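Worksheet: one structure, shown below.
What follows draws every value from the coordinates through simple rules; no lab data is involved. Worth saying up front: this structure is predicted, and the values here are computed from it rather than measured. Note that each Cβ is placed from the backbone with ideal geometry, even for glycine, and that neighbours are counted across all protein chains shown.
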Amino acid sequence: MAPVDIIKKAQSLLAKKEYAKAANLLEPNIISFNNSFQFHYTLGLSFLYLGDIGGAELYFKKARNIKMQDVNLILAQACIFLRKGQVDRSLSYCLDALDIDAQNPYARRFLLLLKKYGDTEIISQWIYNGKILRFYPPLPKKNPVFSILAVFLTLSILGLGAFFFLQKQNHAQIQRADLSALNLTLEEKANSLEKDIATSLYRYILTASELEKSYKKAQDAFQKNDDTLSQIEINRILNSNASFAIKQKAQLLMQYLAEPTFDSLKTKLQYADIVKDPYLYLDCWVLWGGRLSNLLRTETKSEAQFLIGYEDMKKIEGIVPVIIPANIQVDETRPLEILGKIQIVDSAIVIKIKSIYQSVYD
């Protein structure tokens, strides 16, 4: 069965309330759909309606790592917290969904239900008698036979649109934003360095040619969609004896750098390089595998030590503190991959995590 057909078939089974069949169809194909949001959301939905909260939570987490701002998914996770009796946490997720789409009918209905029936005792009764399903995400609708053609035509149109969109995106990725206004002027090149460096402290003392070369590297890396290399050169300039005017332009360039995803991060930084010169890598992003240790959860965040490279429990490349947002759930007993931003707190490296990935097979 073709990949799209598997998901469509599972959605059709869900529409007929055949939850176990949908889960059994999808679960053997996890590896093939490792990066598919729709796959993991549909599988999570199957487990949610089956009453397997652990399975639902697992696949919703994976879907959230792929797509952070899907209203139905966020509300599905809110349902998980309701099933656990964590009404306040569920309300927080509902409000997050409304922040994304204030007019979303499902989110508005969810909030109204919480306001009216959000007492812990009532929720416990609803879990027992099945009324908790009133909070659950809508199931896929049954498609009449004639809609199959419509779906096919829609997919064809979307495919054609996606082709032109991707062509446009690829073109945009090559050219990106026109930042010619940030090119150094002749005057800036002639006065590129601070005149009096004796009264100031700089991490890097550059010559005029080194500074110009570093700035050019930052611009070129940006146009090549390698924001990590661009950020490194920007940091070099900001911590150097460059003139105020050039530092201003470097800071403006920094505003155009984009947050990466697991797939889009080009340059993969090594801990051994970062620890030698942390300030050169400030605000850069890292993608590391490893394990968590000493996890401490609070209402607003979680903190832990991340053991870099310790997935197989053989060798630790380094240990670094990490900060995990409260909306990201993590199992500290299993290996994971993290995508996070380098921060420096009290002269120490700290990674502020954006998203994680944990394999269901570990």
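For this structure, a couple of remarks:
- Long-range tail of P(r) for the range 244-303 (Cα pairs > 15 Å, %): 69
- Cross-link partners of K216 among lysines (Cα-Cα below 27 Å; sequence separation of 8 or more within a chain): K168, K189, K195, K224, K247, K249, K266, K268, K276, K341
- Site-free segments of the chain were taken between chymotrypsin sites (Phe, Trp or Tyr not before Pro) in DSSP loops having at most 14 other Cβ atoms within 10 Å, sites themselves excluded; the longest one is 1-145.
- The chain pair-distance distribution - Cα-Cα, 20 Å bins, rounded %: 23, 48, 25, 4, 0
- Dividing the alpha-carbon radius of gyration of the range 271-357 by the rule-of-thumb value 2.2 N^0.38 Å gives 1.01.
- Cα centroid separation - the range 14-60 against the range 216-249, whole Å: 45
- Shape summary of the range 1-108, radius of gyration then Dmax from alpha carbon positions: 13.8, 42 Å.
- Taking the empirical scaling 2.2 N^0.38 Å for compact globular proteins as reference, the range 194-254 has a Cα radius of gyration ratio of 1.08.
- Computed from the Kirkwood radius of its Cα pairs, the Stokes-Einstein diffusion coefficient for the range 311-359 at 37 °C and 0.692 mPa s stands at 273 µm²/s.
- Cβ-based charge dipole, the chain, positive-most Cα from V345, F306, S12: S12
- Residues of type lysines that K16 reaches as a straight line, Cα spacing below 28 Å, ignoring anything fewer than 8 places off in the same chain: K8, K61, K62, K67, K84, K131, K141, K142
- With one equal scatterer per alpha carbon and no solvent term, the Debye-computed log10 I(q)/I(0) for the range 56-110 at 0.17 1/Å reads -0.47.
- Estimated at 0.36 nm per residue, the fully extended path between K131 and D5 surpasses their Cα-Cα distance by 42.1 nm.
- Selection from L50, G290, A102, by position along the positive dipole direction of the chain (Cβ): L50
- Comparing V345, V320, V286 in a Gaussian network model of the chain where C-alpha atoms under 10 Å apart are linked, the largest mean-square fluctuation is found at V345.
- Restricting the range 178-250 to trypsin sites (Lys or Arg not before Pro) in coil, as DSSP defines it, with at most 10 other Cβ within 10 Å: K195
- Radius of gyration and maximum dimension Dmax of the range 216-322, Cα, Å: 16.2, 49
- Those aspartates and glutamates that a straight Cα-Cα span of less than 19 Å connects to K115, excepting residues fewer than 8 apart in one chain: D88, D96, D99, D101
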